[in-house]
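J.: Below: one structure in structure tokens.
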């Protein structure tokens, strides 16, 4: 059983909530978050830092997370709606599992009691805030695993201004293709969503080989998607600045045409060049 399914059973006796962390659980499971929080306890990284994150590449993030003990935060192999468009925002997570009628009766009754309307995918979509990125675990299902079509995609675009990551399918690709919305998905199919039920909302989910928590920072580019714990965001941004300056200096030296690649890259070998680089780095970063 997945962790999120277990958390569902833990949450119910505490606060009669089947689908999501309680606020207290959210704070406990994201206790290293250094930023403010949404009313439900989800981490709320500042918009200005998310804009800075959007400028990074996967390789710049990669230099930080594994070294900090987070080797399982990257997922790839997706189809990408707009390959040249970056995706960045705060994760809202959802987990769907195969339909089982007796369990779904309880889920449906609980949702009705909370005032949720529409399909169970809409229960999640209607909670989204500006800057959110919906991250949906549908265990790779495409036929019948179509989380959204063009109308709900349009709604998400207007609601969040970002996009979504679906370990499953989408439909109405012709209608979605021109939307200003970035989507990472496993495949497109004309079927409607079926034989699925919502097991968890804003709980830990698995996307490919990554574990995603509510409030993680989502960064997507042409390669794949990184899910960054909020407490590592500032370090990622700081290391990325150093990496960018290093690359800038390296190319300047290559442009001079006087050095072999091994003289300069990955770090300068000559003490005089090393000193030159360190001075350049200090000038650019103030560090």
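The values are calculated or read from the model by the stated rules, or taken from the named source; none is laboratory data. Keep in mind the model is a prediction, meaning the values are calculated, not measured. Positions of Cβ are generated from backbone atoms using ideal geometry, with glycine treated the same way; all protein chains shown enter the neighbour counts.
J.: For a quick check of your reading: which strands (runs of 3 or more DSSP E) sit entirely within the range 100-215 and have at least 3 residues that are within 21 Å of residue 81 (Cα to Cα)? Break it down into steps so the answer makes sense when it comes.
T.: Details: elements: 132-146, 163-170, 182-188, 196-201, 205-207, 210-212.
Ranges flagged: 132-146, 163-170, 182-188.
J.: Further question on the same structure: Got at least one residue in the range 200-208 being buried (at least 24 other Cβ atoms within 10 Å of the Cβ), on the phi > 0 side of the Ramachandran plot, within 19 Å of the chain's Cα centre (by Cα) and in the same structural domain as residue 65 (by TED's automatic domain parsing)?
T.: Scanning the range 200-208, I find at least one residue that is buried (at least 24 other Cβ atoms within 10 Å of the Cβ), on the phi > 0 side of the Ramachandran plot, within 19 Å of the chain's Cα centre (by Cα) and in the same structural domain as residue 65 (by TED's automatic domain parsing), so the answer is yes.
J.: Here's a follow-up. Search the range 263-276 for residues that are assigned by TED's automatic domain parsing to the domain that holds residue 244 and pair each with any residue that is in a helix (DSSP H, G or I) and loosely packed, with under 14 Cβ neighbours inside 10 Å when their beta-carbon atoms are under 7 Å apart and the residues are at least 6 apart or on different chains.
T.: If the second residue must be in a helix (DSSP H, G or I) and loosely packed, with under 14 Cβ neighbours inside 10 Å, the pairs left are 268/274; 269/263; 270/263.
J.: Something else about it: Which numbered condition in (1) farther than 15 Å from residue 207 by Cα; (2) assigned to a loop (DSSP other than H, G, I, E, B); (3) within 19 Å of the chain's Cα centre (by Cα) is the only one that residue 90 fails?
T.: (2)
J.: I've got another one for you. What number of residues in the range 264-278 are farther than 22 Å from residue 63 by Cβ and surrounded by 11 or more Cβ atoms within 10 Å (Cβ to Cβ)?
T.: At the first step, the residues of the range 264-278 found to be farther than 22 Å from residue 63 by Cβ are 270-272, 275-276.
Next cut, surrounded by 11 or more Cβ atoms within 10 Å (Cβ to Cβ) only: 270, 275-276.
Residues that pass the stated criteria total 3.
J.: Looking at (1) surrounded by 15 or more Cβ atoms within 10 Å (Cβ to Cβ); (2) not in a loop (DSSP other than H, G, I, E, B), can you tell me which one residue 51 breaks?
T.: Evaluating residue 51 over (1) surrounded by 15 or more Cβ atoms within 10 Å (Cβ to Cβ); (2) not in a loop (DSSP other than H, G, I, E, B) leaves (1) as the failure.
J.: So, in the range 69-88, exactly how many residues are closer than 19 Å to residue 235 by Cβ and surrounded by 13 or more Cβ atoms within 10 Å (Cβ to Cβ)? Can you show your working first?
T.: Taking the range 69-88 and keeping what is closer than 19 Å to residue 235 by Cβ, we get 69-74, 88.
Next cut, surrounded by 13 or more Cβ atoms within 10 Å (Cβ to Cβ) only: 70, 72-74, 88.
Number of matching residues: 5.
J.: Restricting attention to the range 249-276, report how many residues are at pLDDT below 90 and within 34 Å of the chain's Cα centre (by Cα).
T.: Within the range 249-276, residues that are at pLDDT below 90 and within 34 Å of the chain's Cα centre (by Cα) number 2.
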